[in-house]
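Each remark here refers to the structure printed beneath this line.
The values are calculated or read from the model by the stated rules, or taken from the named source; none is laboratory data. This is a predicted model, so every value here is computed, not measured. Cβ placement follows ideal geometry from the backbone for every residue including glycine, while neighbour counts extend to all protein chains displayed. Surface accessibility is based on the protein's heavy atoms, side chains included, excluding ligands, DNA and RNA. Shrake-Rupley method; radii C 1.70, N 1.55, O 1.52, S 1.80 Å.
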Amino acid sequence: MENISKSFSEKILLDRICLGINENDRIGLIGVNGTGKSTLLKIIAGLEKADQGERIKGTQVRIEYLSQNPVFDPRATVLEQVLRGNSPVMNLVREYQQALMDPKSTSERIALLSGKMDELDGWTIESEAKNILTKLGSPDFNARMGSLSGGEKKRIALAAALINPSDILILDEPTNHLDNNTIDWLEQYLNKIKGALLMITHDRYFLDRVVNQIIELEQGNLYSYKGNFSYYLEKKAERLEIQSSSENKKQRLLKQELAWIKKGARARTTKQKARIDRYTRLNQEKSEIKEERLTISVGSSRLGGKIIELKQISKAFDQKIILKDFNYFI
């Protein structure tokens, strides 16, 4: 990514940013809500165009992208949705699965496809897809996507992103809708995959265990830190201290120059004119220090009494019971 800029109306999200992604990078993208993190991921994935700048990608580089709001075919089965990729092996596995479910399929056709599955090692892909679905809590491979809840659909989308071969895996909030045990499994899975990883998450422990680089998007600029989230916190504190010192120095200089101008300085000489121009330039520079709150889940405890209490909660969708006489106290 070279000198990438992106704006919506008057709001500048990306301001001539540069970013390179290498083969073994494990990158966590963080920033306050609304700064343009998801937009940046879409530009990197090639799903959205920048207003200016250049996106350069190797011709053989494969990118797999998990959106925050994935789109589904409601008529597709869970397994069909996961095997939606366009690689030859994915097309073959999908065709084989469809043939098995089609009552008109002949034994000869199934035997032919079975032979091709041997050649392309399609059985491994099929087995891995079912294993990932099971780990993510979706054991019913033949359920229709239209019958699933929002959380179930997001897990299916995550499974599809993980199973499709890629050189850069881009994940937008992958831990949403996952319980702690599943997040632990996902950590281990991502630490084993080959290629680069780029993701947005608000789970600081997940960042600490999975990534080796943090990039922060702040006021249209990218700041890179070669380490996990704990390293980022330490180095950002140092950067803010330097910025604060620089800003304080600038403000002192502005006060001095303003006092000089108020004494009646006249821009008759080159030196005086240059000094007035310097004051004008300093006064127009925007400050990099801005108080914004970055929301990161840290698992901290809350002091106080009862927060919420549930008594005899029941919920069903048609005949499917989700909760029955559920009691819980927080």
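Brief remarks on what is shown
- Karplus (6.51, -1.76, 1.60) ³J(HN,Hα), θ = phi - 60°, over the stretch 189-206, in Hz, Gly and Pro reported as x: 5, 5, 6, 9, 6, 8, x, 8, 10, 9, 8, 10, 7, 9, 9, 5, 5, 4
- Ligands, DNA and RNA are left out, and with a 1.4 angstrom probe the accessible area of the stretch 40-127 is 61 Å² per residue.
- Of the residues M199, M1, ranked by 1.4 Å probe accessible area with the largest first, the sequence reads M1, M199.
- Euclidean distance between Cα centres, the stretch 11-69 to the stretch 177-217, Å: 17 Å
- For the stretch 171-180, backbone phi angles converted through the Karplus equation (6.51, -1.76, 1.60; θ = phi - 60°) give residue-by-residue couplings of 10, 9, 6, x, 8, 4, 6, 10, 7, 4 Hz, Gly and Pro being listed as x.
- For D208, D179, D172, the ranking by accessible surface with the largest value first comes to D179, D208, D172, using a 1.4 Å probe.
- Candidate aspartates and glutamates for bridging to K6, where Cα separation is under 13 Å - those fewer than 8 sequence places away on the same chain excluded: D15, E48, D51, E54
- Taking the accessible area of the stretch 1-50, probe 1.4 Å, and keeping the other protein chains in place, the carbon and sulfur fraction comes to 43%.
- For D203, distant residues with modelled amide H under 5 Å away: S297
- Given their separation in residues at 0.36 nm each and the Cα-Cα distance between them, R62 and Y231 gain 57.8 nm when the chain is fully extended.
- Kirkwood Rh, angstrom, the stretch 46-115 [1 / mean 1/r, Cα pairs]: 15.3 Å
- Largest first, the extents of the alpha carbon coordinates of the stretch 1-49 on the three principal axes equal 36, 22, 18 Å.
- Ranking I125, A143, S107 by how far each Cα lies toward the positive end of the dipole of the stretch 84-235 (charges on Cβ) leaves S107 at the top.
- You can think of it this way: the chain between S9 and S224 has 74.7 nm of extra reach, that is 0.36 nm per residue less the Cα-Cα gap.
- Gyration tensor over the Cα atoms of the stretch 86-173: the corresponding equivalent ellipsoid has semi-axes (square roots of 5 times the eigenvalues, largest first) of 25, 17, 10 Å.
- Whole-Hz couplings from phi, Karplus 6.51/-1.76/1.60, listed for the stretch 6-18; x for Gly and Pro: 8, 9, 10, 6, 8, 8, 8, 8, 10, 10, 6, 7, 10
- Diffusion of the stretch 1-157 by Stokes-Einstein, at 25 °C in a medium of 0.890 mPa s and with Rh set to the Kirkwood radius over alpha-carbon pairs, works out to 132 µm²/s.
- A DSSP coil position with no more than 12 other Cβ atoms inside 10 Å describes the following trypsin sites (Lys or Arg not before Pro) in the stretch 1-72: K49.
- If the Kirkwood radius is taken over C-alpha pairs of the stretch 125-178, then at 4 °C and 1.567 mPa s the Stokes-Einstein diffusion coefficient equals 111 µm²/s.
- Charge dipole (debye, nearest 20) of the stretch 98-168; +1 at Cβ of Lys and Arg, -1 at Cβ of Asp and Glu: 420 debye
- Pairwise Cα distances in the stretch 111-240 exceed 24 Å in 41 percent of cases.
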